[in-house]
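The values are calculated or read from the model by the stated rules, or taken from the named source; none is laboratory data. What you see is a predicted model; the values in this text were computed from it and never measured. Glycine gets a Cβ as well: all are built from the backbone with ideal geometry, and neighbour counts include every protein chain shown.
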Amino acid sequence: MSALSAPPRPSTAARTAPGAGPAAALVGVVATAVTLGVAELLAGLLARLSGGSGTPSPLLAVGGAFVDRTPAWLKDWAVATFGTADKVVLGVGMGLTLVGLGALIGWLGARRRTAGLVVFVLVGVVGLVAVASRPSSGPVDLLPTLLGLLAGLWVLRSLLDRLTATASTPPPTDPREGVPVPVPVATRRGLLLGATGLGVLGALGVVAGQAIARTGRAAQDLVAALGLPTPTRTVTVPPGAVSDIAGHTPFVTPNPDFYRIDTALFVPRVDAVDWRLRVTGLVEQEVEIDLEELFAQDHVEAMVTLTCVSNTVGGGLVGNAVWTGWPVRELLARAGVLPEADMVLSRSADGWTAGTPLEVLTDDRDALVAVAMNGEPLPPEHGYPVRLVVPGLYGYVSATKWVTELKVTRFDADEGYWTPRGWAERGPIKTASRIDVPRGDAQLEGGTVTVAGVAWAQHRGVSRVEVRVDDGEWAEAELLAEPTVDAWRLWRWEWPAQPGSHTLTVRATDGDGELQTDEVAAPAPDGASGWHSVRVDVG
Ligand SMILES: Nc1nc2c(c(=O)[nH]1)N[C@H]1C(S)=C(S)[C@@H](COP(=O)(O)O)O[C@H]1N2
Ligand SMILES: [Mo]
């Protein structure tokens, strides 16, 4: 906008008029809301047209790009601080950042119009770059953000113009008496009300766009139509593995209670009808199977305890389930793995990858292309329709959810998602043990106190658990049954508790006779270690 065509410059008095700052900030926030409303609505419609998986929403694209660039220490801190609520925290953080940026742009624009508009466009460009850099996006996917930006720019300009106009209109003077008539605040109030209305519309656009993208077309539930495969080998949970102590870990984790960790800001909606799993890379022949063919293979049940590498000592990012699946080694055998291969890079529908050593997928353990969790189709957040489950390795190098490709490759040629972000190339699960009861800081009655918990050393098993009170001798805990070395093992110990304040510490020994290390390590780069302890008071 050139100075010549501009409306009369606002007087200094008008620019600093009470309320001009907040009003300008509001205008900036409204322009941001309109941009996002238009962009998200169009992105949602496009996503729906393309079947639900394409066209990333600009908000999720920026969030995803942020997650992809999260260094290990920050991920570590976020998971430790917010646990599985880290996504909510990210969302709220993004919202606050956007409101702050919008306010700043409005405030700046009211003082220096061009500067405000330029900053606005720059923020938009960040969004465009984020959308363009998503794994699955093409040129068309930029359109919603581009149109949103134009709409927002237009709103920003015209509202700022009007704001200056209302602020700088000279107070009309009564010709007869020569005294100023009170400023008609109605004009500005009308403007602000209108702007607020626009902002609300923008916010509604965001909500509607997200909803449209997520409902997509009603996915035909092929898993339900086919029925889950009947396993040729089943798992029964022996009664001796289960505890009835209140507060003790349930041996099998119910699906709704199972921890969830992934980089997906919304659960990928994979249509089972379109789903394919491809085996590529260093193979004699590429293989591609669809769900019907997968379900026709001989499936087995296996009980496997999954653990996140981000779990802290005593933490809860661990869960045990009975999985139904087809052994990965049979799928790999069908493709014919070439001798030089030593890694399988599995990829998910949303572009995430895990690098798993070839040998754990081809030895006799129950590494599965899994389709069911505790007898039910995989819940969407746990990988529907198909995921990988590999006993003995942390999830980040093995447990790919929404899996679509197994690329047979080499560690010196490829790496999984978390490796360049500060996590180890290989992630065998470290032996761990946890005290569930009593809880830390519990106030207990004297006498016999039941101490109970869980220990895991997947694929090696747990051979011994010991508990120590303060600096006393280690006492051997009673181990519950261990139906498989791939699952955790519950334990209990009766403590003749003396009055006072005490620290209980636990340590486990794995099936190879190796004692759990007391060396304290943070989760990054290859899993936390150290002995878990709780402090309690005995009355
Ligand atoms: N597609 C995809 N699969 C993934 C991840 C991910 O970010 N994306 N995270 C992995 C990690 S780090 C863990 S610990 C497990 C967790 O599986 P769960 O959410 O079913 O407990 O999933 C793994 N599979
Ligand atoms: Mo993880």
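Brief remarks follow.
- Only listed residue being assigned by TED's automatic domain parsing to the domain that holds Leu45 and either surrounded by 18 or more Cβ atoms within 10 Å (Cβ to Cβ) or more than 30 Å from Val485 (Cα to Cα) (or both), chosen from Ala241, Ala225, Ala195: Ala195
- Residues satisfying the stated conditions in region 416-439, i.e. part of a loop (DSSP other than H, G, I, E, B), buried (at least 18 other Cβ atoms within 10 Å of the Cβ) and within 15 Å of ligand 1 (Cβ to nearest atom): Gly416, Tyr417, Trp418, Trp423, Gly427, Ile429, Lys430
- Contact annotation: no residue pair with Cβ atoms under 8 Å, 6 or more positions apart or on different chains, pairs a residue in region 399-410 that is farther than 26 Å from Leu317 by Cα and at pLDDT below 95 with a partner that is of a type in the set (A, V, I, L, M) and not in a strand (DSSP E or B).
- Looking only at residues of region 342-384 that are touching a strand residue (DSSP E or B) at 6+ places or on another chain (Cβ under 8 Å) and within 16 Å of ligand 2 (Cβ to nearest atom), we find that the one that is farthest from Val408 (Cα to Cα) is His382.
- Contacts under 6 angstrom Cβ, first residue in region 282-296 being closer than 14 Å to Val403 by Cβ and assigned by TED's automatic domain parsing to the domain that holds Val369, partner of a type in the set (Phe, Trp, Tyr) and surrounded by 12 or more Cβ atoms within 10 Å (Cβ to Cβ), 6 or more apart: Leu291/Trp275
- When Leu338, Leu332, Leu317, Leu306 are checked against the criterion of being away from ligand 1 (no atom under 12 Å from the Cβ) and crowded, with 20+ Cβ neighbours inside 10 Å, a single residue qualifies: Leu332.
- Residue that is farthest from ligand 2 (Cβ to nearest atom) [pool: residues in region 299-315 that are assigned to a loop (DSSP other than H, G, I, E, B) and of a type in the set (Ser, Thr, Tyr)]: Thr312
- Tally of residues being in contact (Cβ under 8 Å) with a residue 60 or more places away in the chain and either in a strand (DSSP E or B) or within 14 Å of Asp537 (Cα to Cα) (or both) across region 456-479: 1
- If the condition is being under 19 Å from Gly530 (Cβ atoms) and of a type in the set (S, T, N, Q), then region 428-464 contributes Thr431, Ser433, Gln458.
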